[in-house]
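Data block below; observations after.
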Amino acid sequence: MLFTRPALLRGAREDTHVLHLGPQDVVTWNGLLPEVLDRGSFPGGAVEEEVQEKHLGAFRFFAGSTLAIRADPRATRWFEAGADVDGDDLRASEYLSDVFERTGHLEAPANAFADPRAYTHFTAVPAMRAARAQFVSFAVDTLPPESGALRVLDVGCGDGGIVSELLPALLEAGRWDEVASITLLDPSPEMISTAKARLAAEWPGARVEGRLARLEHVASGLSGPFDLAIGSLSLHHMPAEMKGRALAALASSIDHLLLLELDADHDSPEVGSPRLAASIHHSYGWLLAQVLGPGDPDEVARESADQFVAPELVSLLTQPRGTRTEYHMRRDRWLTLLAEAMGPEIRPLGTQTALATPYVDLFALHMGRLG
């Protein structure tokens, strides 16, 4: 099961659209915050004269979210002014304004995945369908032909949709002859149940196993080996150092690892920092625009925003590093971490932008063994 033909890293981009504040912007925003918190400055006033015009929506989101964390009713005015600047493409300020008006504070549901419909709606929006289609194509292009039966591990399986799309494409392309086993890993009982039923029906000849767990807790004890491990928007729930330990423990059990992740800077910035707020404004503002859709959202879209996106968004805004649930990283940092954790036996075999937007990118990445 060793791949002897080296593959080039393809599609790596340095010009992704994650909003990065320069050091002087960070100093400026931090200096202006007391004007908002203590002296009652409002959007459109002198407090914004030092903010770059291209950063105005992000600064208003920063001010509004900082006030909302304090349950300060002035947050609504800042969120509404931010929404006016952002328009339909970025909806973080608009969404949090609505949440704040409904609840008077920032709070996410305790069980984010109690209803799988929220996750299913997210994966079915056009942008995510396009990204997943590119991910499947990337997998077919970069995985070597193998003989025998495929043993696959899906980390953070959700409803099983990504494996459901990927496996037929791999077999049709001759990457494997058949599917022997599918191991599903997820901390949500509802997701494990949904995914297991779906994939058992689609692959009646394969052994389908569901494990209610997080990778960081079971990586060294998984009953491999696995020809292929998949992580689709799932490994970012661990900080970098925990990712490294979990992937190092997993490395001896797998031959190939395929990831689909959001290219964003949510690991190292601390809670309440301008850098983190600016990145959230762009990345989650775009995600919410996809989930809610144009105009007024229907019930399922609203539930998806409330139950799937809001827990991540609120965690990033309110919880410090080490406690929060989201740690998206830039692609170059992923490559460095994976090489350090899994090398030299497992090394980068390819990367490609799965979806490019004006605000944030999704990327696919392949690590594998070379013989």
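Just a few scattered comments:
- Hey, ALA246 closer than 30 Å to VAL85 by Cβ and surrounded by 19 or more Cβ atoms within 10 Å (Cβ to Cβ) or not: no
- Considering residues of the stretch 143-162 that are at pLDDT 95 or above and farther than 20 Å from HIS237 by Cα only, the residue surrounded by the fewest Cβ atoms within 10 Å (Cβ to Cβ): ALA149
- The residues of the stretch 16-53 that are aliphatic (A, V, I, L, M) and in a loop (DSSP other than H, G, I, E, B), listed by number, are VAL18, LEU19, LEU21, VAL51.
- Residues in the stretch 125-142 that are surrounded by fewer than 21 Cβ atoms within 10 Å (Cβ to Cβ) and under 19 Å from SER304 (Cβ atoms): VAL125, PRO126, ALA127, ARG129, ALA130.
- The residues of the stretch 362-371 that are outside any loop (DSSP other than H, G, I, E, B) and either among the acidic types (Asp, Glu) or at pLDDT below 95 (or both), listed by number, are ARG369, LEU370.
- For beta carbons closer than 6 Å, sequence separation of 6+ or different chains, a first residue in the stretch 19-33 that is at pLDDT 95 or above and a second that is part of a helix (DSSP H, G or I), the qualifying pairs are VAL26/PRO274; TRP29/PRO274; LEU32/VAL47.
- Within the stretch 184-226, the set of residues being buried (at least 22 other Cβ atoms within 10 Å of the Cβ) and of a type in the set (D, E, K, R) comprises just one member, ASP186.
- Taking (1) out of contact with any strand residue (DSSP E or B) (no Cβ under 8 Å at 6 or more places or on another chain); (2) in contact (Cβ under 8 Å) with a residue 24 or more places away in the chain in turn, ILE182 satisfies each apart from (1).
- Checked against the criterion of being buried (at least 16 other Cβ atoms within 10 Å of the Cβ), over 30 Å from SER164 (Cα atoms) and either touching a helix residue (DSSP H, G or I) at 6+ places or on another chain (Cβ under 8 Å) or touching a residue at least 60 places away in the same chain (Cβ under 8 Å) (or both), the candidates PHE42, PHE122, PHE100 yield just one match: PHE100.
- Test for TYR359: is it hydroxyl-bearing (Ser, Thr, Tyr) and at pLDDT 95 or above: no
- Subset of the stretch 336-359 that is touching a residue at least 24 places away in the same chain (Cβ under 8 Å) and part of a helix (DSSP H, G or I) - its residue that is surrounded by the fewest Cβ atoms within 10 Å (Cβ to Cβ): GLU340
- Looking only at the stretch 72-88, and only at residues there that are assigned to a helix (DSSP H, G or I) and of a type in the set (D, E, K, R), the one that is nearest to TYR359 (Cα to Cα): ASP86
- Number of positions in the stretch 217-240 that are within 17 Å of the chain's Cα centre (by Cα) and in a helix (DSSP H, G or I): 4
The values are calculated or read from the model by the stated rules, or taken from the named source; none is laboratory data. Model, not experiment: these values are computed from the prediction. A quick note on method: Cβ atoms are made from the backbone with ideal geometry, for glycine too, and the neighbour counts reach across all protein chains shown.
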